[in-house]
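The values are calculated or read from the model by the stated rules, or taken from the named source; none is laboratory data. Keep in mind that what you see is a predicted model, and the values were worked out from it rather than measured. Note that we place each Cβ from the backbone using ideal geometry, even for glycine, and neighbour counts take in every protein chain shown.
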Amino acid sequence: MKKIAVITGTRAEYGLLKPLIASVHADKDLELHLVVTAMHLSPEYGMTINEIIKDGFPVHKKIECLLNSDTAIGVSKSISLALASFAENFSESEPDCIVILGDRTEMLAATIAANMANIPIAHIHGGETTEGAYDEGIRHAITKMSYWHFTSTEDYKNRVIQLGEHPDRVYCVGAIGLDSIIGLKLLTKDQFENQISFKLDQKTALVTYHPVTLEYSTAKDQFQSILDALDMEENLKIIFTHANSDKDGKIINSMIIQYVKNNPDKSVEFKSLGQLRYLSSLKFVDVVVGNSSSGIIEVPYYNIPTINIGDRQKGRVIAQSVINVNPNSKEISEALQKSFETRFINEIKTQKQVYGIGGTAPKIISTLKSAKNVSLKKSFYDLNVNL
């Protein structure tokens, strides 16, 4: 039996990993070792470990690492705390491999600890680019420390190979988040409205915005531009979800709370909608506004517009439904107008699904189960190029 350690630290990431976690848990030849950390264990961010427990998955280890600070020093200290805790956990549990998704700081800590313990790593969503966030460097660092690579597009597969990883260990499997969309029984509109105590009786925008961490103190001004643009639109209702624990995330969250307090008739806010409510909302809202990766990867599956603001997601492969704008109220307002145009809505109904159509988790499981004689002595794969 292979022991698979799956690491999850955020509400969004757990939603993506859930089909894989369920598959490992149900497989008689695999043993799930679920490690829950970071934002999942914070009341400030919704204590989302409760969603995992409610889903019936056994939590084998809780790793407290998130400090009550969104400064650069606070984030760095959180990484160091996570690194020490993951090292201890891997020494005790001795998993056969660990599964890492994405590029967050706690995932970097888990990756370093696994490397020191000679535990092979399966990395999901490598090769992607997000030029506005320090996630960019973290993601590529995780790639170099990982053994198996499961990318969401062929472009990203090629980039992982460009980083020196052997093609035999790089698999283009599509975006794992689409598995949840396909496999989850979503709420009806009445059920969704009842659960959030908010009527969607007008045009509705879902807003998810995070700090652009490679910029200096831009969160307040940029988010104010979003609020100003939303106020320009008449008869618009707004659902806000809070920012994550990145630098300056608290600034955005305090602005959301104050806006909803001042505009209770047209807006509502949540620390976390949770996977079911979030994915259900995409059936009923008219546009998604912000800079979350979900607006690039999962939202286009519903063929509704995404207004992607600023540089946080710059460099990602995008669908036709994604409208890229700078973080100023004029451009955001113009993008809102475009997103409500009948012509644009009709055009994106038949757009190409650039991140696949699901079925990702079984491909990953099959690869991990069939792996034999893994050697972590990797040779750098050189491309034959003439510069």
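Note down all Cβ pairs under 7 Å where the first residue falls in region 152-178 and is among the aromatic types (Phe, Trp, Tyr), the second is surrounded by fewer than 22 Cβ atoms within 10 Å (Cβ to Cβ), and they're at least six residues apart or on different chains.
171/363; 171/367
(1) exposed (fewer than 15 other Cβ atoms within 10 Å of the Cβ); (2) part of a helix (DSSP H, G or I): which one isn't true of residue 383, the others all being true?
Condition (2) is where residue 383 drops out.
Residues to consider are 71, 111, 105; find the one that is closer than 14 Å to residue 13 by Cα and among the hydroxyl-bearing types (Ser, Thr, Tyr). If you could, list the steps in order and put the result at the bottom.
Details: 71 fails: closer than 14 Å to residue 13 by Cα; 111 fails: closer than 14 Å to residue 13 by Cα.
Criteria check complete, one pass: 105.
Could you say which residue among 278, 302 is under 18 Å from residue 347 (Cα atoms) and touching a residue at least 12 places away in the same chain (Cβ under 8 Å)?
It is 302.
Out of region 114-135, which residues are closer than 25 Å to residue 310 by Cα and either of a type in the set (S, T, N, Q) or in contact with a Leu (Cβ under 8 Å, 6 or more places away or on another chain) (or both)?
Scanning region 114-135 gives 124, 125, 127, 129, 130, 131, 132, 133, 134.
With respect to the numbered conditions (1) under 28 Å from residue 16 (Cα atoms); (2) touching a Pro at 6+ places or on another chain (Cβ under 8 Å); (3) outside any loop (DSSP other than H, G, I, E, B), which one is the sole condition not fulfilled by residue 355?
(3)
Taking region 63-77 only, how many residues are among the hydroxyl-bearing types (Ser, Thr, Tyr) and within 18 Å of residue 214 (Cβ to Cβ)?
Of the residues in region 63-77, 2 are among the hydroxyl-bearing types (Ser, Thr, Tyr) and within 18 Å of residue 214 (Cβ to Cβ).
Is it true that some residue in region 228-236 is farther than 26 Å from residue 47 by Cα, touching a Ser or Thr at 6+ places or on another chain (Cβ under 9 Å) and buried (at least 21 other Cβ atoms within 10 Å of the Cβ)?
yes
For region 66-91: of the residues being touching a Lys or Arg at 6+ places or on another chain (Cβ under 7 Å), crowded, with 18+ Cβ neighbours inside 10 Å and more than 22 Å from residue 117 (Cβ to Cβ), which is modelled with the lowest pLDDT?
Looking only at region 66-91, we keep the residues that are touching a Lys or Arg at 6+ places or on another chain (Cβ under 7 Å), and these are 67, 70-72, 75, 89.
Checking which are crowded, with 18+ Cβ neighbours inside 10 Å leaves us with 70, 75, 89.
Those still in the list that are more than 22 Å from residue 117 (Cβ to Cβ) too: 70, 75.
On the way: 70: 79, 75: 89.
Top of the filtered list is 70.
Just a yes or no: is a residue in region 259-276 farther than 25 Å from residue 18 by Cβ and under 18 Å from the mean Cα position of the chain (by Cα)?
No, region 259-276 contains no residue that is farther than 25 Å from residue 18 by Cβ and under 18 Å from the mean Cα position of the chain (by Cα).
Residue-by-condition table, conditions (1) under 26 Å from residue 214 (Cβ atoms); (2) surrounded by 17 or more Cβ atoms within 10 Å (Cβ to Cβ); (3) modelled with pLDDT under 95; (4) not hydroxyl-bearing (Ser, Thr, Tyr):
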position	(1), (2), (3), (4)
273	no, yes, yes, yes
282	no, yes, no, yes
309	yes, yes, no, yes
323	yes, yes, no, yes
341	no, no, no, yes
348	no, yes, no, yes
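Looking only at residues in region 106-130 that are among the polar types (S, T, N, Q) and crowded, with 22+ Cβ neighbours inside 10 Å, which one is nearest to residue 214 (Cα to Cα)?
130
Of the residues that make up region 27-38, is at least one within 21 Å of the chain's Cα centre (by Cα), in a helix (DSSP H, G or I) and assigned by TED's automatic domain parsing to the domain that holds residue 138?
Scanning region 27-38, I find at least one residue that is within 21 Å of the chain's Cα centre (by Cα), in a helix (DSSP H, G or I) and assigned by TED's automatic domain parsing to the domain that holds residue 138, so the answer is yes.
I'd like to check something: does region 219-234 contain any residue that is within 21 Å of residue 305 (Cβ to Cβ), in contact (Cβ under 8 Å) with a residue 12 or more places away in the chain, out of contact with any strand residue (DSSP E or B) (no Cβ under 6 Å at 6 or more places or on another chain) and not assigned by TED's automatic domain parsing to the domain that holds residue 314?
The answer is no, given that none of the residues of region 219-234 is within 21 Å of residue 305 (Cβ to Cβ), in contact (Cβ under 8 Å) with a residue 12 or more places away in the chain, out of contact with any strand residue (DSSP E or B) (no Cβ under 6 Å at 6 or more places or on another chain) and not assigned by TED's automatic domain parsing to the domain that holds residue 314.
Among the residues of region 306-343, count how many are more than 18 Å from the chain's Cα centre (by Cα) and closer than 15 Å to residue 289 by Cβ.
Looking only at that region, the number is 19.
Among the residues of region 150-172, write down those that are more than 17 Å from residue 384 (Cβ to Cβ) and surrounded by fewer than 18 Cβ atoms within 10 Å (Cβ to Cβ).
154, 155
So that you can scan it fast, the table gives a plain yes or no per residue for (1) touching a His at 6+ places or on another chain (Cβ under 8 Å); (2) surrounded by fewer than 21 Cβ atoms within 10 Å (Cβ to Cβ):
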residue	(1), (2)
10	yes, no
20	no, no
24	no, no
28	no, yes
41	no, yes
51	no, yes
56	no, yes
